[in-house]
Amino acid sequence: MTHTLHRSGSYESLTNDYVIFAIAAQTVNAKGIAPQFKAFADIVLKYNPVNFGDMKTGNVYGVGIDDIKAGYKDNSIVHAVFNDQETLTKALQEVKDAHLDLSIVLSGIVEHSHQCCSKTDITPHTVEHSLGIHGRLDYLPDERVLEISTMCGHGMVAFSLIEDFAEKVAKGRLTPEKAGEKLAKQCHCGVFNTKRAEKLIADIAEGLKKS
Amino acid sequence: MYIDQEKCIQCEACIPYCPMRAIAYNKDKDAVEIDFEECVECGVCKYADVCPADALTQQEMEYPRILRSQFSNPLVSHPGTGVPGRGTEEMKTNEVTGRFKRGMVGVAVEMGRPGTGTRLFDVEKVAMALAKEGVHFEPHNPVTQLMEDVNTGKMKNEVLNEKTLSAIVEFDIPQSKLAEVFYSLKKVIPEIDTVFSLDLACRLNEDGSNPVVKIAEEAGFKVSVNGKMNVGLGRPLAKEA
């Protein structure tokens, strides 16, 4: 149902991880709306998101910003990721003032999204909650690997890739920053938070060094 | 996907990229291979662009194999939805489409997520268990479109053994029936050989409170602190019932 809903992690870890995205209803208002995605992108990019992408083309770490800007479609879904609530709120205010007609969705700690809406005088419409993971939980990796992987809801960031990069970081063959960027490249939509991943992978690597 | 053995230099760079751990060195054949049965055709290995010999090769796919790609590669718009990704617009455009009205709740069982993958026969088990509760499967959802009978949740036989990175059973239900749906879902969990992530979407009350969180908690489901919020800026607005 969703690609940003099931980000795993503690309240503290999720406090630094917010996604805002724009989408059009294909059966109602999508026809000819592509220029509004450009307007949305121009606004959120002013606030220097840690990641940015369009589901129809890719993300800044993969295809690059120029290809994304050249490729907005009526069925685009354009995302930006921020590390703090204050910046998210400023971006939301400007998006609201631009009257784009696009549906705008915030993904993150729900209490914080309510606060962003309150500060921008927005009445939220619909909310979706994650009710967790069920079934063969024995198939899941270490919780920190899961926190990184679930930042790409489509599952493009393999558990094994995170484990591989953590080992390389522990051996000094890769920096946490570079690891975060390389992992982000895998997540087409651009909803992967590189900075959060960087911290988590450094933490896993530290553990590997001690073991 | 397969590895062209004429090109492969056995550097093994592609191995960790596979979300299904389906790429491995085969000692008997002295070759790096993709397990064709486990491959979900997500394209992640090729998209990563880590093969120095360009040995990762996408074969032509026919039905039902092509379902793997349609359900696993988010850059492929599903032919039945027009939307990239595995789901639908669901609550993301709710202020415009009016899909979830007050008194109704949207539920999604995201089979194979996170990162585990699912056979469609496991998806069918969940769908059939939920169908007994009279749920209304979302007609635009790709899983619903593979059902032989939406009243029973029975899926087409030829698709059942296909494996995908994820597949989402998506439906609407009156809030008054939600507790029974949760009960049926819990009962089917021991029968499936994968994981699923569970979603719950609804319109907020006029005072901003959430009408269904308590039902989920009473059914024994922990409601995560994070979630998705449609802030209602899309236009034109759907007419209220």
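A compact table of results
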read-out: Filtered residues of the stretch A:94-123 (kept if within 24 Å of A:R7 (Cα to Cα) and of a type in the set (D, E)); value: A:E111
read-out: Enumeration of residues in the stretch B:167-221 that are free of Cβ contacts under 8 Å to residues at least 24 places away in the same chain, within 30 Å of B:M20 (Cβ to Cβ) and touching a strand residue (DSSP E or B) at 6+ places or on another chain (Cβ under 8 Å); value: B:I189
read-out: Criterion: out of contact with any Asp or Glu (no Cβ under 9 Å at 6 or more places or on another chain), assigned to a strand (DSSP E or B) and surrounded by fewer than 24 Cβ atoms within 10 Å (Cβ to Cβ) - qualifying residue of B:E148, B:E158; value: B:E148
read-out: Matching residues, the stretch A:85-109, being touching a residue at least 24 places away in the same chain (Cβ under 8 Å), facing another protein chain (nearest Cβ under 9 Å) and out of contact with any Cys (no Cβ under 6 Å at 6 or more places or on another chain); value: A:V95, A:K96, A:L100, A:D101, A:L102, A:S103, A:I104, A:V105, A:L106, A:S107, A:G108, A:I109
read-out: In the stretch B:45-76, residue modelled with the lowest pLDDT [restricted to those that are more than 13 Å from B:P142 (Cα to Cα) and among the aromatic types (F, W, Y)]; value: B:Y47
read-out: Residues of the stretch A:102-125 that turn out to be part of a helix (DSSP H, G or I), surrounded by fewer than 24 Cβ atoms within 10 Å (Cβ to Cβ) and of a type outside the set (G, A, S), as a count; value: 7
read-out: Failed condition for B:D207, given (1) more than 8 Å from chain A (Cβ to nearest Cβ); (2) at pLDDT 95 or above; value: (2)
read-out: Output for the stretch A:139-169, where each listed residue is facing another protein chain (nearest Cβ under 9 Å), part of a loop (DSSP other than H, G, I, E, B) and more than 21 Å from A:Y61 (Cβ to Cβ); value: A:L140, A:P141
read-out: The stretch B:136-145, subset crowded, with 22+ Cβ neighbours inside 10 Å and at pLDDT below 95, residue farthest from the other protein chains (Cβ to nearest Cβ); value: B:P142
read-out: Residue in the stretch A:110-138 that is nearest to the other protein chains (Cβ to nearest Cβ), counting only those that are among the polar types (S, T, N, Q) and farther than 17 Å from A:D17 by Cβ; value: A:T126
read-out: Residues being among the charged types (D, E, K, R), within 7 Å of another protein chain (Cβ to nearest Cβ) and within 26 Å of the chain's Cα centre (by Cα) - total across the stretch B:211-241; value: 2
read-out: From the options A:A34, A:A24, A:A41, A:A30, residue that is in contact with a strand residue (DSSP E or B) (Cβ under 6 Å, 6 or more places away or on another chain), of a type in the set (A, V, I, L, M, F, W, C) and modelled with pLDDT of 95 or more; value: A:A41
read-out: Meets criteria (closer than 21 Å to B:Y183 by Cα, not in a strand (DSSP E or B) and not polar (S, T, N, Q)) for B:G134; value: yes
read-out: Single residue of B:A108, B:A53, B:A48 found to be more than 13 Å from chain A (Cβ to nearest Cβ) and touching a residue at least 12 places away in the same chain (Cβ under 8 Å); value: B:A53
read-out: Members of the stretch A:50-71 that are in a strand (DSSP E or B) and either more than 13 Å from chain B (Cβ to nearest Cβ) or of a type in the set (G, A, S) (or both); value: A:N51, A:F52, A:G53, A:G58
read-out: Unique match (being out of contact with any Asp or Glu (no Cβ under 6 Å at 6 or more places or on another chain) and crowded, with 23+ Cβ neighbours inside 10 Å) among A:H129, A:H134; value: A:H129
read-out: Filtered residue count, the stretch A:1-32, keeping only those that are under 12 Å from the mean Cα position of the chain (by Cα), outside any loop (DSSP other than H, G, I, E, B) and within 7 Å of chain B (Cβ to nearest Cβ); value: 1
read-out: Index of the failed condition, B:D149 passing every other in (1) more than 10 Å from every other protein chain (Cβ to nearest Cβ); (2) closer than 30 Å to B:P236 by Cα; value: (2)
read-out: Single unsatisfied condition, B:T194 versus (1) over 26 Å from A:A24 (Cα atoms); (2) buried (at least 22 other Cβ atoms within 10 Å of the Cβ); (3) of a type in the set (V, I, T); value: (2)
read-out: Test: residue in the stretch B:86-103 that is more than 8 Å from every other protein chain (Cβ to nearest Cβ) and among the β-branched types (V, I, T); value: no
read-out: Test for A:G172: is it part of a loop (DSSP other than H, G, I, E, B) and either out of contact with any Pro (no Cβ under 9 Å at 6 or more places or on another chain) or farther than 23 Å from B:C45 by Cα (or both); value: yes
read-out: From the options A:F52, A:F82, residue that is surrounded by fewer than 23 Cβ atoms within 10 Å (Cβ to Cβ), among the aromatic types (F, W, Y) and touching a residue at least 60 places away in the same chain (Cβ under 8 Å); value: A:F52
read-out: Residue in the stretch B:163-182 that is in a loop (DSSP other than H, G, I, E, B) and closer than 22 Å to A:I133 by Cβ present; value: yes
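The values are calculated or read from the model by the stated rules, or taken from the named source; none is laboratory data. Model, not experiment: these values are computed from the prediction. Cβ: placed from backbone, ideal geometry, glycine included. Neighbour counts: every protein chain shown.
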